Each structure stands twice: as structure tokens, then as C-alpha cells.
1. I need to check one value: relative contact order of the chain, counting alpha carbon pairs closer than 8 Å and at least 6 residues apart, in percent.
2. Which residue, chosen from Tyr1, Ser90, Ser168, occupies the Cα position most advanced towards the positive end of the dipole of the chain, where the dipole is computed from +1 (Lys, Arg) and -1 (Asp, Glu) charges on Cβ about the Cα centre?
3. Could you pull the accessible area for Glu156 with a 1.4 Å probe, rounded to 10 Å²?
4. Evaluate the charge dipole of region 121-205 about its Cα centre and quote only its size in Debye, nearest 20, assuming +1 on the Cβ of each Lys and Arg and -1 on the Cβ of each Asp and Glu.
5. Placing +1 at every Lys and Arg Cβ and -1 at every Asp and Glu Cβ, with all other atoms neutral, what dipole size does the chain have around its Cα centre, in debye to the nearest 20?
6. Express the C-alpha Rg of region 149-205 as a ratio against the empirical globular expectation 2.2 N^0.38 Å, rounded to two decimals.
7. Can you tell me the FRET efficiency between Arg25 and Thr185 if r is taken as the Cβ-Cβ distance and R0 is 41 Å, rounded to the nearest 0.05?
8. Given axes a ≥ b ≥ c from the Cα gyration tensor, I'd like to know whether region 1-66 is rounded (a/c under 1.5), prolate (a/b larger than b/c) or oblate.
Amino acid sequence: YYIEDANATYIKIYIDSFSKLIRSREDNSEFFVYYSGHGTHNEANEAFLVPVGVTSDYIEQFGIKLSDFYSQISPDGNKKVVVFIDACFSGGGKTGQLLINAKTGLRRVPNTSVSGKNLFVFAASSEKQISQEYFEKHHGLFTYFLLKTLRETKGELTFKQLTDRVISDVTTTALNPQNNLKEQTPTININPAIQNEWQNWKVNP
């Protein structure tokens, strides 16, 4: 499935279709999700994906609650779902434009926890940071190094090797004063049940 500049209705339709696809496939199937866009949170610190055309004032009515999204795509049995998110939920956008809830005017630490087993989330930044554009490369900073690593290795590496390399490249580039960027460190979000398993998963088995 591919959606570009999608509104809330289309995103919800595609998430529902993707959820049904996951349930219909045989055990040991693997699925990948990539999201690039905006995120924000409400006063209760619940994180949301922000569809096109939705402002922070209406995020609870038309946004995609992150916990609901994770719940819908959580795999059953031995299936795996890997989610790459180039967005942030601290109240900032990749361009630095704030999407802070209008009532608070404050940045908070949103809840982005994962509950589903075999659901692996690799996010562009920590909960307090913003996910930035790498203007020189015409990509999000996280997306650029994620794609660069996958292209150079052809996916022949483990998730531990993938995450270590992307985290190092993003962190180092963000800290280089010549790039005029803020600190950014990609994060891994998993269910504790796979704490000792995910490192050995193959990106391209």
C-alpha cells in the first residue's frame, strides 16, 4: 500500500486493509510500514499521527492515535511487523514548525509505547526531540541514513546492525555544527517479550 498526502479517511481505510492483510497471511510472514510526516500529542500525552489537513485543535477527532495504530497492526502468531517512523511527537515537526496543542502551548513527553509482541518500531528521534530535514540530501535525516544503509548493504544485515549504524550516522550528523541541526537520536521501541530476540532478526532473511 502507498499513500501520499493522505487525509484521515484514507489513512484509516488503508490501516484497516493492512490489518486484514496481516491476519490473512500465513505464520512467519513479515510486514514493513514506513511513515514520514507529522506527529503530535494531546493534553493527556497521547501521541497521534497527523493526517493532511488536520490541525492540533482537532487532533483528537481526526488524528490517528498511535496506540490504536499499533494495536491494529500488531501481528498474531509468529508474524513480524516492522515500523519505521520519520516523525516526532514532542510538539515539533521535521521543519521545526510546532504542532503543539493550542490549549497548553507546552512541549510534553508523549506516550509512544508498544504493547504488541513481534511489533518492532524504529523511530527517527527520542520522545523529547524533533525529527529534522536533511536539506542537503532532500530527505528527512533519519530516512536518508535508513535508505543509505539498506541500499549499501542490500538488506543483508541484522536489525541490530541496521539500528546501530543508522543511530550512529544520524546522531553524528546532527551534532556536526556545520549542518546547523539540533540533537537527534533515533530510538527503538519494542515489547519486552522480544528484548533478546530482535537483534538477530534478518532484514532480508
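1. It comes to 19 percent, rounded to a whole number.
2. Ser168
3. We get 120 Å² for Glu156.
4. 140 debye
5. 200 debye
6. So region 149-205 has a normalised radius of gyration of 1.32.
7. Between Arg25 and Thr185 the formula returns 0.75.
8. Note, shape of region 1-66 comes out prolate.
The values are calculated or read from the model by the stated rules, or taken from the named source; none is laboratory data. Small disclaimer: the values here were computed from a predicted structure and weren't measured. When we count neighbours, we look across all protein chains shown, and the Cβ atoms used for this are built from the backbone with ideal geometry, even at glycine. Just the protein is used for accessible areas: all its heavy atoms, side chains included, with ligands, DNA and RNA removed. Shrake-Rupley method; radii C 1.70, N 1.55, O 1.52, S 1.80 Å.
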